[in-house]
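Note sheet for the following structure.
The values are calculated or read from the model by the stated rules, or taken from the named source; none is laboratory data. Keep in mind that what you see is a predicted model, and the values were worked out from it rather than measured. Cβ coordinates were reconstructed from backbone atoms using ideal geometry, including for glycine residues, and neighbour counts include every protein chain displayed.
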Amino acid sequence: MASLSKKQLPLVGAAFGAAYGLICRFVFGFGLAHSNVFEVMSGAFIFGVPLALGFITVWFGDPESKVRWLRCIFLPWLAGLLYLVCALALVWEGIICIIIWLPLVLILSTFGGLVAGICHRIFKSRRDRHYCVVVIALLPFIAAPLERFRSAAAEVRTVNTQIKIHNSRQAVWDQIKTVPLINEREQFFSFSHVLGFPRPLEAKLVGEGVGAVRYATFERGVLFVETITEWDPMHRLAFSIRADSEHIPPSTFDEHVTIGGKYFDVLMGTYSIEDASDGDVILYLASSQRLATRFNFYSHFWTEYLMADLQNYILEIIKRRCEPVPAATQTERDETKPAFCPS
């Protein structure tokens, strides 16, 4: 690297860091995945690779004895973002996994960069420095087999949401037991949909009472089969949920966040209707999910946020369909107002 200018070294370091990340992603995702030891959904990869990536970036991008600490903090971000963009372009990661992992990549790569800066000051001999970078680079590969001794713990978590609706219990009940087709003009912006989660379309009910089946359809061929477990008209509707994964196109969800898959599933849903003090009603929607990763303490924040976002979206659709339309906007809304919506 002697022929490179000082301005070029940081870019070289970022390229080395991104290349290291891509090599690890290939090994963990494709090269040795069949061994069941090296898995992308492991703590060794999710936490170890960003740390080592940041270390390598600073190690080769700022090799001088006088360490620039701001470079140690922010240069790894360039390598991390470059790696994520390349993984997305190669279709090795989906957009939702990129967004979920991004905060960890930035934080841990910075930590790795700071460790590299400290090691630059501590280790003076070339041999010790070589040992140092080799150990850090191999860290994810050393940790992965050891992680197999600890099985991934499955957790069931519940997400609760609610909305106030200016209408009667009967009107709300009619909107939750079946959901006629949601047309395009009724859809609106939602962060979960930006990340790739399909938008809800309709829910058809076959039969009534406990044991009846509700078929909830989402975009891109996603179907949930919901078996009614509680049926209390105008008060409570609960159902178990099974994703019809056999008929969901593989391109709909990222493989690591597939509903009904190894790591995540939605188990139950419950609607409850209560009277508000001012004569309106409050509609509650709760869902329980199974989460089984080796880093539930982090992933549960994202799964709960995304489920809450999706539930609030559904509740808002119900509210808009139930509440009377002001006279000033009646003409405009008549074009999209479902025939079943009470006025």
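Structural remarks
- Enumeration of residues in region 287-343 that are of a type in the set (A, V, I, L, M, F, W, C), at pLDDT 90 or above, in contact with a helix residue (DSSP H, G or I) (Cβ under 7 Å, 6 or more places away or on another chain) and under 17 Å from residue 184 (Cα atoms): 310, 317, 318
- Those residues of region 294-313 which are of a type in the set (Phe, Trp, Tyr) and not in a helix (DSSP H, G or I), in sequence order: 295
- Residues of region 170-192 satisfying the condition of being in contact (Cβ under 8 Å) with a residue 24 or more places away in the chain, in a helix (DSSP H, G or I) and farther than 24 Å from residue 240 by Cβ: 170, 171, 185, 186, 191
- Taking region 54-162 and the helices (runs of 4 or more DSSP H) fully enclosed by it, the elements with 1 or more residues that are within 28 Å of residue 196 (Cα to Cα) and β-branched (Val, Ile, Thr) are at 69-89, 95-122.
- Flag if residue 106 is more than 30 Å from residue 285 (Cα to Cα) and not basic (Lys, Arg): yes
- The residue list 143, 171 contains one member that is of a type outside the set (Phe, Trp, Tyr) and assigned by TED's automatic domain parsing to the domain that holds residue 52, which is 143.
- Filter result for residue 133 (surrounded by 15 or more Cβ atoms within 10 Å (Cβ to Cβ), closer than 27 Å to residue 294 by Cβ, out of contact with any Pro (no Cβ under 7 Å at 6 or more places or on another chain) and not assigned by TED's automatic domain parsing to the domain that holds residue 198): yes
- Looking at 25, 71, just one residue is at pLDDT 90 or above and of a type in the set (Lys, Arg), and that residue is 25.
- Only residues that are under 30 Å from residue 275 (Cα atoms) and either at pLDDT below 95 or polar (S, T, N, Q) (or both) were counted in region 110-165, giving 6.
- Close pairs (6 angstrom Cβ cut-off, 6 or more residues apart or separate chains): farther than 19 Å from residue 76 by Cβ in region 114-135, of a type outside the set (Val, Ile, Thr) and assigned to a helix (DSSP H, G or I) anywhere: 123/129; 123/132
- Residues of region 258-306 classified as under 13 Å from the mean Cα position of the chain (by Cα) and charged (D, E, K, R), total: 2
- Qualifying residue in region 76-89 (condition: closer than 22 Å to residue 27 by Cα, hydroxyl-bearing (Ser, Thr, Tyr) and buried (at least 17 other Cβ atoms within 10 Å of the Cβ)): yes
- Here residue 178 clears all of (1) more than 26 Å from the chain's Cα centre (by Cα); (2) hydroxyl-bearing (Ser, Thr, Tyr); (3) farther than 20 Å from residue 317 by Cα except the condition numbered (3).
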